[in-house]
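Chemist: Encoded as structure tokens, here's the structure I'll be asking about.
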Amino acid sequence: MTAVARRFAFTASGRHRTDSDREPLCDADFHDREARLDQGMTMAGPAEPWARDLLQVARAVYLVDKRYVRRTEDGWSRAVDLSVEVAEPERWGAAQLEDLATLLATLTSDTWQVRVVGGAAYRQWFDYEERVSEVALFSGGLDSTSYAAQASAQGNDAGTLLLMGYDDNMRARQQEVWRSVDRVRNRPVKLVQIGQRVLSGPGGELEPSTRTRGLLYTATAVAAASAHGVGQVNAPENGQLAINPPLTPNRLAGLSTRSVHPWTLELTNRVIRGLGGAVEVVNPLLSFTKGEVCGQALEAGLSPEDLARTVSCGDPSSARYSQAPPNCGHCFPCLVRRSGLAWAAGIDRTDYRIELGGIDMRARAAEHLRALARWLASDFGFRDLVADMPFPSSTPIPAVLPMLHRGRRELAAMVDQVIPQNSLLRRTWAPKLVGRAPSTA
């Protein structure tokens, strides 16, 4: 039985039809409203209307994603009918809206129907910044920091690099990590941090999952690239986590984050092309494992201590109101982080909330480690990726499978180090690995 869709309407102005049966949403539902958002993006001119409309849609989608708490029959999937006010509704034909619905379903495992209506008017700023030549997302994680260091180390003739930071919870840590990048740079670099925190709704509760956050910040970077006349946005993430093959069957689809999976980026770029845009979103680190990305950061001049300050945790906000370290140490992204740093640097100086040495493998904190050990003890190949998620023709599975096998070796080496000698898991630990061990030379 198809679930009844919950209906929303988003406008920038906050003016809504009084006879509408849709839940009203508007720009005022964000902590950072439109004026502060545009100022923060250091525009070199107004973003093209299609790009500003795409950002408007992404903001509306993220607002719904946070306000619509998952209390459905299966505890996850939702049905959404969303109307968004844009400036150029004629660009959003049936094909574009279908591609958008597919993209949102891929990210969230929900059913989305998005409609657009005219009437939006975006504020135009006239004290524009100097143009940049490159735009990249910067989260303060290992991958984006590695890419920022490599890109910043290029010569001055490369032009100005614009790093788009985000997440209010990690603002101070991003700035700390940025100072490490600033130390090795050879070209002008600007870091801007865009906050798009959603305010609590009438019920006072927000959905803890954030499956569309990556799309929101990608759309923000696309708008900035459009304003600067840059044709590409770099969204750096190592290939292991970009593809993120599920460790167990119950982690399929929306339960495994895929914000820069090749298929996600293909759908994103398809929407952009359909709107008449000339900006492409790419992942420059897709071909590399976590360890290889960490090695690139070290080669660019960062130290193991610099890398230790980055944040890779799947839920760093859980330490927001305490003095605890932002990396939990036991979630899957943290496990991949551990494996990458151990492979590249031989040492991991990160201060984790939970250390794995001697951990009780029956404890809840060991859940991801147990799943990872079982996954590494299973065969893994072409069919596993085909069954999980489509791949675009531009990224054939044979092109990424060797990278995933190299990553499995990095992970197996880490798991072998942390499983306690007296653990029951040690008795059955027999990883199934393909290919030669990676070399650190």
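The values are calculated or read from the model by the stated rules, or taken from the named source; none is laboratory data. Since this is a predicted model, take the numbers as computed values, not measurements. Neighbour counts run over all protein chains shown; Cβ positions are idealised from the backbone, glycine included. The area values use the complete protein model at the heavy-atom level, side chains included, leaving out ligands, DNA and RNA. Shrake-Rupley method; radii C 1.70, N 1.55, O 1.52, S 1.80 Å.
Chemist: Given the options Ala148, Ala105, name the one that is among the small types (Gly, Ala, Ser), open to solvent by 10 Å² or more (accessible area, probe 1.4 Å) and at pLDDT 90 or above.
Modeler: Answer to the selection: Ala105.
This table checks each residue for (1) open to solvent by 40 Å² or more (accessible area, probe 1.4 Å); (2) modelled with pLDDT under 85; (3) assigned to a helix (DSSP H, G or I).
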residue	(1), (2), (3)
Ser394	yes, no, no
Leu411	no, no, yes
Pro420	no, yes, no
Gly435	yes, yes, no
Pro438	no, yes, no
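Chemist: Looking at segment 270-290 only, could you name the residues that are of a type outside the set (A, V, I, L, M, F, W, C) and either in a loop (DSSP other than H, G, I, E, B) or open to solvent by less than 50 Å² (accessible area, probe 1.4 Å) (or both)?
Modeler: Gly274, Gly276, Gly277, Asn283, Pro284, Ser287, Thr289, Lys290
Chemist: Just one of the numbered conditions (1) farther than 26 Å from Ser339 by Cα; (2) part of a helix (DSSP H, G or I); (3) open to solvent by 40 Å² or more (accessible area, probe 1.4 Å) is not true of Asn169; which one?
Modeler: (1)
Chemist: Just to be sure, is Thr310 of a type in the set (Val, Ile, Thr), assigned to a helix (DSSP H, G or I) and either modelled with pLDDT of 95 or more or surrounded by fewer than 18 Cβ atoms within 10 Å (Cβ to Cβ) (or both)?
Modeler: no
Chemist: I'd like to verify a number: residues in segment 416-433 that are farther than 16 Å from Gly358 by Cβ and of a type outside the set (A, V, I, L, M, F, W, C), how many?
Modeler: 4
Chemist: Determine whether Gly407 is touching a helix residue (DSSP H, G or I) at 6+ places or on another chain (Cβ under 6 Å) and of a type in the set (Gly, Ala, Ser).
Modeler: Yes.
Chemist: While we're on this one: Could you list, in sequence order, all residues of segment 80-102 that are open to solvent by less than 10 Å² (accessible area, probe 1.4 Å) and either touching a Ser or Thr at 6+ places or on another chain (Cβ under 6 Å) or β-branched (Val, Ile, Thr) (or both)?
Modeler: Val80, Val84, Val86
Chemist: Of (1) modelled with pLDDT of 95 or more; (2) closer than 17 Å to Gly141 by Cβ, Arg258 satisfies all except one. Which?
Modeler: Failed condition: (1).
Chemist: Additional query: Looking at (1) of a type outside the set (Val, Ile, Thr); (2) part of a loop (DSSP other than H, G, I, E, B); (3) open to solvent by 40 Å² or more (accessible area, probe 1.4 Å); (4) modelled with pLDDT under 95, can you tell me which one Gly201 breaks?
Modeler: Of the numbered conditions (1) of a type outside the set (Val, Ile, Thr); (2) part of a loop (DSSP other than H, G, I, E, B); (3) open to solvent by 40 Å² or more (accessible area, probe 1.4 Å); (4) modelled with pLDDT under 95, the odd one out for Gly201 is (3).
Chemist: Going through segment 359-376 one residue at a time, which ones are assigned to a loop (DSSP other than H, G, I, E, B) and in contact with a helix residue (DSSP H, G or I) (Cβ under 9 Å, 6 or more places away or on another chain)?
Modeler: Selection gives Ile359, Asp360, Met361, Arg362.
Chemist: To continue, here is another question. Tell me which residues, restricted to segment 377-392, are more than 23 Å from the chain's Cα centre (by Cα) and either hydrophobic (A, V, I, L, M, F, W, C) or in a helix (DSSP H, G or I) (or both). Spell out how you get there, then give the answer.
Modeler: Restricting attention to segment 377-392, the residues satisfying the condition of being more than 23 Å from the chain's Cα centre (by Cα) are 377-383.
Answer for segment 377-392, where residues must be more than 23 Å from the chain's Cα centre (by Cα) and either hydrophobic (A, V, I, L, M, F, W, C) or in a helix (DSSP H, G or I) (or both): Ala377, Phe380, Phe382, Arg383.
Chemist: Yes or no: Asp379 charged (D, E, K, R), open to solvent by 70 Å² or more (accessible area, probe 1.4 Å) and more than 27 Å from Leu107 (Cβ to Cβ)?
Modeler: yes
Chemist: Show the residue pairs meeting these rules: Cβ distance below 7 Å; 6+ apart or different chains; first residue within segment 182-210 and farther than 12 Å from Val69 by Cβ and touching a residue at least 40 places away in the same chain (Cβ under 8 Å); second residue surrounded by fewer than 18 Cβ atoms within 10 Å (Cβ to Cβ) and of a type in the set (Lys, Arg).
Modeler: Gln193/Arg171
Chemist: Also: For Arg213, indicate whether it is at pLDDT 90 or above, open to solvent by 10 Å² or more (accessible area, probe 1.4 Å) and under 13 Å from the mean Cα position of the chain (by Cα).
Modeler: Details: at pLDDT 90 or above: yes; open to solvent by 10 Å² or more (accessible area, probe 1.4 Å): yes; under 13 Å from the mean Cα position of the chain (by Cα): yes.
Judged against the criteria, Arg213 is a match.
Chemist: Then there's this: What is the residue count in segment 348-373 for residues that are within 26 Å of the chain's Cα centre (by Cα) and open to solvent by 30 Å² or more (accessible area, probe 1.4 Å)?
Modeler: 10
Chemist: On to the next question. Pull up segment 182-198, narrow it to residues that are touching a Gly at 6+ places or on another chain (Cβ under 9 Å), not polar (S, T, N, Q) and not in a loop (DSSP other than H, G, I, E, B), then point me to the one that is modelled with the lowest pLDDT.
Modeler: Once the filter is applied, the top-ranked residue is Ile194.
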